[in-house]
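The values are calculated or read from the model by the stated rules, or taken from the named source; none is laboratory data. All values derive from a computational prediction rather than experimental measurement. Virtual Cβ from ideal backbone geometry, glycine too; neighbours counted across all protein chains shown.
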Amino acid sequence: MLKQTQSQRLVQKVLPQLIQKMSLLAIPTIALEQMVRLELIQNPFLEERELETLSEDQIDSDVHESDDASTEESNKEEEYNWDDYLNSDTEGYKTPGGNSDDKDTNYENMWRSPHSKNDILLSQVYLSELNHKHMLIAEAIIRSLDDDGYFRQDINEFVEDLKNFHFGDEFKDEDTTASEVEKVLQTIQKFDPPGIASRNLQECLINQINQKDLDPQLKTNAQIIIRDYFEEFRLKNYEKLVSELNIDINTLNKIFDLILKLNPKPAASIEDAANADYIFPDLIVLKENGIYKVELNERNIPSLRINSAYRRLITNQKNILDKNTKDFIHNNFERAKWFLMAINSRRETMLKVMNAILKHQKEFFDNLGEGLKPLYEKDVAEDIGMDISTVSRTVRGKYVQSEFGIYELRNFFSHKVRNEVGEDISNSEIKNKLKEVIESEDPANPLTDEQLVIEMHKLDFKLARRTVAKYRDILKIPKARMRRKL
């Protein structure tokens, strides 16, 4: 039997405009520029205007936030209040209908145009002098490379696998030999980046050396060390290498410097180059007459307003518009309004966060990058009266330009360590000092972690050996034995 029941449940619902505000806050300025230009194309209710025509009154007149966010959802079947669309100062805007496709748009990555290692390597195949069949073999080899760019398969096993590879009617009756695969593989190994498609680390390093314009004797000795004395090289057994190769210490140091600069993971350099992001500062800190000033770096972002031409069109035609047109106007106007509000909210939040950081880290800016203080995101959140998650979203992936360099906002936040005289010191400051100590050590007798503890104590940093080891690992600095040079 059918019956009616009543139930009560608690549901958390994130409003569309709140989602848009959070999305805009999370993305860097360079991505915001692309997002704004995309909105200009997609939404006819937005138009661009020159910055010099703007005033504070005009900005306020283009978008005025509602006092009551609790009446966010509206029924499109209700009669439209056309004053909402004709007067941008009117309060009580309805929630935008939204576009179902918008929620899947990842604005944070929209300015990137990544290419996989396969795309980049295949483009070199098609520009090579390989014949058609060998190009097909090259495609199969490239698709079999691992994440580091190595060809790990046995040649004979790979030849067997090629029997299931579709070469097309042109080569269906031809056998593929191991020597053919070897020849194609050697061709790919000459592609960029050097070392790609190598079968192991030693071959990868040797292939990179082969492509360098070096002194012949230096190149030969480096190849011999990699091929015949790789374990001695790995353990930095300088004495045995000098004796076996009959070379002097200076020559050995040159060989080590050469090898250590090679890339053990060639595919990583492809991905890094393909997905590289240029650092574009989102904020600028200026000092004028001894007073700091924070500005947003938005010179390339178009200034927006509600399209006045659409206002006039609606004014003249509102009585004869059908339901589909009304829905179109409703959705796009709401989307334009909330987009403008989200941009303004983003600007205000970023300026508040950066000014709060500047207040806490004034010594850092006064001393041109020295004297970073311990600072937590909750400290900034309390200063500006916002949630910690908002601060975290604001600083993520954002950069500030100062007169002494560009810094990621997250770098201004660090935990604290207390020194011997009872002062709180930022762990970022500790890492910088530790790095300075290691860089100034005797290369022939690098400092052990125990010796680093003593040196850090001399600088009033009271640290345990395990803490020194942890910071050294974070800095990606190897142990003393691996730092040794002659």
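Can you pull out every residue in segment 466-486 that is assigned to a helix (DSSP H, G or I) and either surrounded by 15 or more Cβ atoms within 10 Å (Cβ to Cβ) or free of Cβ contacts under 8 Å to residues at least 60 places away in the same chain (or both)?
466, 467, 468, 469, 470, 471, 472, 473, 474, 480, 483
Scan segment 267-297 for residues that are assigned to a loop (DSSP other than H, G, I, E, B), of a type outside the set (S, T, N, Q) and at pLDDT 80 or above and report the count.
4
For residue 356, are the conditions met, namely being out of contact with any Pro (no Cβ under 8 Å at 6 or more places or on another chain) and more than 28 Å from residue 432 (Cα to Cα)?
Answer is no for this residue.
Mind telling me which of the residues 196, 247 ends up being in the same structural domain as residue 130 (by TED's automatic domain parsing), within 30 Å of residue 159 (Cβ to Cβ) and either surrounded by 14 or more Cβ atoms within 10 Å (Cβ to Cβ) or aliphatic (A, V, I, L, M) (or both)?
Of the residues listed, the single one that is in the same structural domain as residue 130 (by TED's automatic domain parsing), within 30 Å of residue 159 (Cβ to Cβ) and either surrounded by 14 or more Cβ atoms within 10 Å (Cβ to Cβ) or aliphatic (A, V, I, L, M) (or both) is 196.
Considering only segment 369-396, state which residues are among the small types (Gly, Ala, Ser) and under 24 Å from residue 29 (Cα atoms).
Matches in segment 369-396: 369, 381, 385, 389, 392.
Conditions tested, residue by residue: (1) surrounded by fewer than 16 Cβ atoms within 10 Å (Cβ to Cβ); (2) outside any helix (DSSP H, G or I).
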site: 146; (1), (2): yes, yes
site: 184; (1), (2): no, no
site: 187; (1), (2): no, no
site: 204; (1), (2): no, no
site: 207; (1), (2): no, no
site: 227; (1), (2): yes, no
site: 239; (1), (2): yes, no
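Inside segment 346-465, counting only helices (runs of 4 or more DSSP H) that do not spill past its ends, which hold 2 or more residues that are closer than 30 Å to residue 483 by Cα and of a type in the set (A, V, I, L, M, F, W, C)?
427-439, 449-458
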